[in-house]
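The values are calculated or read from the model by the stated rules, or taken from the named source; none is laboratory data. This one's a predicted model, so the numbers in the text were calculated from it and none came from an experiment. We place every Cβ from the backbone using ideal geometry, glycine too, and count neighbours over all the protein chains shown. Calculation scope for accessible area: heavy atoms of the full protein, side chains included, ligands and nucleic acids excluded. Shrake-Rupley method; radii C 1.70, N 1.55, O 1.52, S 1.80 Å.
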Amino acid sequence: MGTRPGAVTVIGAGTIGLGWITLFAAHGLSVTVNSRRPDARRVVEEGLRTFAPTLPGGGRDPEELLAGLRFEPDVARSVAGADVVQENAPEDPALKRELFGVVARSAPPGALLLSSTSTLVPDDFGAEVPDQGRLVVGHPFNPPHVVPLVEVVGGTRTTPEAIEETIAFYRSVGKVPIALRRPVPRFVANRLQTALLQESIHLVREGVVTMEELDSVVVNSIGLRWATVGPFQAFHLGGGEGGLRRWLGHLGRGLEASWRELGRPELTEETIELLSSEAERVYGTGNYPKLSTERDIRQNAILEALARVENGNNGQLNGVAPAGGHRDAAAEHG
């Protein structure tokens, strides 16, 4: 696949699949939707109407995007002309093995076979794929039509060329791909997110703060900080002129002690009920489209602000890109 792909098949029309469909269609790709759901067309139409207005760089007419979609419930037929297949099936290794067996036999020989899995590596579901060299994990961060990150993970048989082509493909649709140097369970972003979520659950369960207050703490402190610089750069700056070396030397021992103080909550039925009830009280029920749109508007505002800074509009950075970058800076990542 030497040129930018023109045809993509998205397998699955859940939340992640809908995000990919919206993004790919907005970038002018020919998108085939494969889903076992009998109401797939309705689900996709509703999803695009929710997501299209808040695409980065400006909203798109969902009807225009919908007009370019093709729906094909048969897996083999859906991938027959695909340059790229983006799979979003449930996290079931047996299901994915069977699915990718069909995909590999039916897709063109040079097609990239990508999985959005958040827990598996290609070796876990590639047994039925004759040519595992083109099998790659492309794990997005939700929502994939807005958040730039895609974690690219190969298997033991994935070729370097397939990794390079995968990175180039994701960059072509505005993503920031990061290739993991070696596989790690649940990859990088989810491991970081899980660590924060663990302590968040502990603090809410122990009555230190409410769920709403904890969200406010994160949004108004580390969330704001990490939207501009990553944790290592943040603490490097926290050390002043001495940088991270000074910060670790001064606070390192105390930091290690604080790790042992972190909570390790168990997700008992009682804890699940506490968290679920609190979430329903704070955020309500039945308003997913409204909350999703509000989230995407806020995230786009951050991306647009970073892009303005990166492009030198405020004259303060002298061309130095902020950590995390914006879509057009993706070539510096991965």
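Is the range 133-191 best put as rounded, prolate or oblate by its Cα gyration tensor, with a ≥ b ≥ c the root eigenvalues, rounded for a/c under 1.5, and otherwise prolate when a/b is larger than b/c, oblate when not?
In terms of gyration-tensor shape, oblate.
Placing +1 on the Cβ of every Lys and Arg and -1 on the Cβ of every Asp and Glu, with no other charges, gives the range 39-118 a dipole of roughly 180 debye about its Cα centre. For Arg191 and Asp74, a Förster radius of 30 Å and the Cβ-Cβ distance give a FRET efficiency of 0.25, rounded to the nearest 0.05. With contacts taken as Cα pairs under 8 Å at a separation of at least 6 residues, the chain carries a relative contact order of 15 percent. Available extension along the chain between Arg182 and Ile272 is 29.0 nm, counting 0.36 nm per residue and deducting the alpha carbon span.
What part of the accessible area of the chain, given as a whole %, is carbon or sulfur when the probe is 1.4 angstrom?
Carbon and sulfur atoms account for 54 percent of the accessible area of the chain.
Taking the charge dipole of the chain about its Cα centre, with +1 at Lys and Arg Cβ atoms and -1 at Asp and Glu Cβ atoms, the residue from Ile21, Thr158, Val31 reaching farthest to the positive side is Thr158.
Taking packing as the residue-averaged number of other Cβ atoms within 10 angstrom, the listed peptides 151-157, 305-311, 114-120 run from highest to lowest as 114-120, 151-157, 305-311. Dipole size of the chain about its Cα centre, with +1 on Lys/Arg Cβ and -1 on Asp/Glu Cβ: approximately 700 debye, rounded to the nearest 20. For the range 1-114, averaging the sequence separation of C-alpha pairs within contact (under 8 Å, six or more residues apart) and dividing by the residue count gives a relative contact order of 32 percent. Excluding ligands, DNA and RNA, the accessible surface per residue across the chain is 53 Å² with a 1.4 Å probe.
If you sort the three axes of the alpha carbon gyration tensor as a ≥ b ≥ c, you get a/c under 1.5 for the range 74-168, which makes it rounded. Local charge for Leu262 was computed over the other residues whose Cβ lies under 15 Å away, with Lys and Arg +1 and Asp and Glu -1, and equals -1. With contacts taken as Cα pairs under 8 Å and at least 6 residues apart, the range 29-70 reaches a relative contact order of 50 percent. Under the rule a/c < 1.5 gives rounded, and otherwise a/b versus b/c splits prolate from oblate, where does the range 1-97 land using the Cα gyration tensor? Here the range 1-97 falls in the oblate category. In the chain, the DSSP-assigned H stretches of four residues or longer account for a calculated mean residue ellipticity at 222 nm of -15000 deg cm²/dmol, using -39500 (n - 2.57) per stretch and the full residue count as denominator. Among Glu64, Glu269, Glu128, the largest mean-square fluctuation in a Gaussian network model of the chain, built with springs joining Cα atoms closer than 10 Å, belongs to Glu269.
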